[in-house]
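Okay, structure first, notes after.
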Amino acid sequence: MEGPSARDKMQHLRLNDCGLTSLDGVKNAAGINLKSLDVRGNAIQGSFPTEVMSYKRLRSLDLSYNLMQGPLPTDLGTNLFRLRTLLLADNFFTEAIPSSIANATKLQILDISDNALSSTLPSELGRLKRLTLLTVRNQRLVDEGITGPLFDFGELNRIEHLDLSGNGLSGTVPESFLASAKTKSPFMSIDVSGNRLVGTMPQSLSRFQMLRLYLIDNMIDDIAPELCGKSGWFFGEVRQFGCDAILCPRGTYNRWGRQISEAFPCLPCPGGAPNLGSTVCVTEDEGMIDDALDAIGRDSNGRGEIPTNGSLPSNDEDEARKQDILEATVVHVTVGDLYDVLHDRISPLDPQETPFVREGHSWQPDNSYLHIQRTSEESEFDYSFAENTHHAGASRRNLRSRGH
């Protein structure tokens, strides 16, 4: 009787940073007993690899930093129910997080950040009681990413790192938010920055003794006073600077949306910073953005639209053009694109000529900036666009456009 082959004996396969473009043939290298597969940092293309779904004993799967796209398998959690670690970050996965994830009840680490997921957060995530890390940040490659309400994750009693930043979550932070989480963990970090959350940060969060709570670039109205006295939050910064260490007050701003040291206080903003935790100051010139958006109307989420056949009015003398603008075909643009039109730095926007203006590209106030630098005598500009979050390595893309 033959014993197990070398293929069947293999339990761990690591092929990260090998220049792979597919997982074809992986079954020839690893048998059914494979427990961990790491193909991080390759150039694997196509949909989620079906080969992986046959490894029923898989404990750890790392497909991050590849070029995969399309929806995640609906039976992901059903087939790979033994997973402890699932890393899918920095791909181009789309559509919703499958509800079958609830079947992977042993999951401890789940990272699906920096993709193009949409829909709402599945409530099934809140049933993964062993999770210590959950990050779904930055799903804005398409539209607003993950939308809908922020639910309380009330059953996650081991969670220490929760990152939902850079999405389109709305509503208030529930009073019962993370009600079962450890209150004395020195590593507790919650990041919901860059969403559309409103209301008051609830007093119930004061039960956490040590916490990093990132809230900038939302529409938060107030902070419960009890939170401003938490001496252990942000490694003592709240003890030093009170509420300012959580969010800069209305009418002030700084790069981080909160005070992080004596050298970086929240600064007055003459043009007005309407929200707590503002990371930009709307100057008098930049205030024209609001005037222009008001001229053509904006929806309840603050998003504006501009015409494809011309630029927006930049002062009161252009009032006569409002009706023409209202009747024009429109596309969504970023605040940076709009700022450029108002300041005549680029030609009138045309989706055919200006590659960074695309149908369905939303303008999100106070959440991005555009740095412009002339690079040649022919009025060619280099555009660097980045999310203005607290992360040191905020995602960045370079764009080229020819001005006139």
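The values are calculated or read from the model by the stated rules, or taken from the named source; none is laboratory data. What you see is a predicted model; the values in this text were computed from it and never measured. Please note: Cβ atoms are built from the backbone with ideal geometry, for glycine as well, and neighbour counts cover all protein chains shown. Keep in mind that these areas ignore ligands, DNA and RNA; they rest on the heavy atoms of the full protein, side chains included. Shrake-Rupley method; radii C 1.70, N 1.55, O 1.52, S 1.80 Å.
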Checklist outcome for this item: Scanning segment 237-281 residue by residue, those closer than 16 Å to residue 193 by Cα, outside any helix (DSSP H, G or I) and open to solvent by less than 30 Å² (accessible area, probe 1.4 Å) turn out to be 246, 247, 248, 254, 257, 258, 259, 276, 277, 278, 279
Item to check | Pair list, Cβ under 6 Å, 6 or more apart: segment 88-107 residue among the acidic types (Asp, Glu), other residue assigned to a loop (DSSP other than H, G, I, E, B) and buried (at least 17 other Cβ atoms within 10 Å of the Cβ) | outcome: 90/64; 90/65; 90/114
Checklist entry - Of all residues in segment 186-202, which are in contact with a strand residue (DSSP E or B) (Cβ under 8 Å, 6 or more places away or on another chain) and open to solvent by less than 30 Å² (accessible area, probe 1.4 Å)? => result 188, 189, 190, 191, 192, 193, 194, 195, 196, 197, 199, 201
Item to check | Matching residues in segment 215-236 - criterion: being part of a loop (DSSP other than H, G, I, E, B) and either in contact with a helix residue (DSSP H, G or I) (Cβ under 8 Å, 6 or more places away or on another chain) or more than 18 Å from residue 275 (Cβ to Cβ) (or both) | outcome: 224, 230, 231, 232
Next on the checklist: Can you pull out every residue in segment 142-169 that is open to solvent by less than 60 Å² (accessible area, probe 1.4 Å) and in contact (Cβ under 8 Å) with a residue 60 or more places away in the chain?
Outcome noted: 144, 165, 166
Item to check | Criterion (polar (S, T, N, Q), surrounded by 16 or more Cβ atoms within 10 Å (Cβ to Cβ) and free of Cβ contacts under 8 Å to residues at least 40 places away in the same chain) met by exactly one of 183, 172, 135 | outcome: 172
Next on the checklist: Quick check on residue 231: is it closer than 22 Å to residue 128 by Cβ and of a type in the set (Ser, Thr, Tyr)?
Outcome noted: no
Item to check | Condition broken by residue 120, with the remaining ones in (1) in contact with a Pro (Cβ under 9 Å, 6 or more places away or on another chain); (2) farther than 26 Å from residue 216 by Cβ; (3) surrounded by fewer than 19 Cβ atoms within 10 Å (Cβ to Cβ) satisfied | outcome: (2)
Checklist entry - Counting just the residues of segment 198-234 that are touching a Cys at 6+ places or on another chain (Cβ under 9 Å) and in contact (Cβ under 8 Å) with a residue 24 or more places away in the chain, which one comes out farthest from residue 174 (Cα to Cα)? => result 216
Checklist entry - When residues of segment 92-113 are filtered for being touching a Ser or Thr at 6+ places or on another chain (Cβ under 7 Å), closer than 18 Å to residue 71 by Cα and assigned to a loop (DSSP other than H, G, I, E, B), how many remain? => result 3
Checklist entry - Restricting segment 203-215 to residues that are open to solvent by 10 Å² or more (accessible area, probe 1.4 Å) and within 23 Å of the chain's Cα centre (by Cα), which is farthest from residue 251 (Cα to Cα)? => result 212
